[in-house]
Amino acid sequence: MARPPTAAQRRVIDAADPVTGRLRGTDSQLDALVKRGLAFRHPRPPHDHFLTPTGHRVRESVPAEPEQSAERAADSATGVFAARIGGAQDAADTGPARAREVHSAWQGLLELRRMTNPDGATDRPCGWERAQLVQSAALALEAAGHPPEAADSSGYRVRATPQPEAVAVHAPDGEALRACAITLEGAGWQVGEYTEPRTRARYLLASPRRV
């Protein structure tokens, strides 16, 4: 098993931009993360460093030390962005502040695509999105104005599936489901419509397009 990051490296990873994965640290810290496959140096100026998909997984899965847990709690209190995936536990926040957050996150994701896709393309998902499938699909939907399901309203729900690189998207009716499909296809996802065998409900299966 690979060695976990040092405390200093973990602080650099935890401080990465939550959407783009852009890193800040000393040259030695960043070089060490690159050598371990947790970060990469962008080939174009200004040659910033970003988390790799492995680095993102480490950030999400490796248990933090008590000091780092406190730092994460502080981040949550100040509002680290998370797309609405839909569900009864989600608040129906549709105010202007939320709209600005979603717009900013989507623009940041497009910039990440430009900087990390080999050809600089922004019309298809990048590596970060493939490591964060549910959040990425939900961000595309929320940024396009689709309402997520909440305790007091109907809307989309995005869920993980056993299939590699695929999420399931549910919507309250056929019209809403087709609208979600159009949005995801426009955001660079391959989308198919299927029927659940037991409930006969229609849903989408969406995967990030590679070419």
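Here are a few things to note about the model shown:
- Subset of the range 135-147 [buried (at least 17 other Cβ atoms within 10 Å of the Cβ) and under 16 Å from the mean Cα position of the chain (by Cα)]: 135, 136, 137, 138, 139, 140, 141, 142, 143
- Test: residue 79 is small (Gly, Ala, Ser), modelled with pLDDT under 85, within 20 Å of the chain's Cα centre (by Cα) and surrounded by 15 or more Cβ atoms within 10 Å (Cβ to Cβ): no
- Residue check for residue 195: more than 16 Å from residue 86 (Cα to Cα), open to solvent by 70 Å² or more (accessible area, probe 1.4 Å) and among the polar types (S, T, N, Q): no
- Applying the condition of being modelled with pLDDT of 85 or more and outside any loop (DSSP other than H, G, I, E, B) to the range 49-64 and asking which residue is farthest from residue 165 (Cα to Cα) yields 49.
- Test: residue in the range 140-154 that is of a type outside the set (A, V, I, L, M), more than 15 Å from residue 188 (Cα to Cα) and in contact with a Pro (Cβ under 6 Å, 6 or more places away or on another chain): yes
- The one condition in (1) assigned to a loop (DSSP other than H, G, I, E, B); (2) among the acidic types (Asp, Glu); (3) under 18 Å from residue 190 (Cβ atoms) that residue 119 fails to fulfil: (3)
- Any hit, the range 154-162, residues being more than 16 Å from the chain's Cα centre (by Cα) and touching a residue at least 24 places away in the same chain (Cβ under 8 Å): yes
- The lone exception for residue 190 - which of (1) touching a residue at least 12 places away in the same chain (Cβ under 8 Å); (2) open to solvent by less than 90 Å² (accessible area, probe 1.4 Å) it fails: (2)
- In the set 201, 151, only one residue is more than 15 Å from residue 138 (Cα to Cα), touching a Ser or Thr at 6+ places or on another chain (Cβ under 9 Å) and of a type in the set (Gly, Ala, Ser); that residue is 201.
- Residues (small (Gly, Ala, Ser), within 21 Å of the chain's Cα centre (by Cα) and open to solvent by 50 Å² or more (accessible area, probe 1.4 Å)) located in the range 1-57: 15
- Residue list for the range 1-48, restricted to those being over 27 Å from residue 135 (Cα atoms), at pLDDT 85 or above and aliphatic (A, V, I, L, M): 32
- Close pairs from the range 49-66: first within 13 Å of residue 128 (Cα to Cα), partner in a helix (DSSP H, G or I) and at pLDDT 80 or above, Cβ under 6 Å, at least 6 apart: 53/127; 53/131; 56/131; 59/13
The values are calculated or read from the model by the stated rules, or taken from the named source; none is laboratory data. A quick note: this is a predicted structure, and the numbers were derived from the prediction, not measured. Glycine also receives a Cβ, built like all others from the backbone with ideal geometry; neighbour counts cover every protein chain displayed. Calculation scope for accessible area: heavy atoms of the full protein, side chains included, ligands and nucleic acids excluded. Shrake-Rupley method; radii C 1.70, N 1.55, O 1.52, S 1.80 Å.
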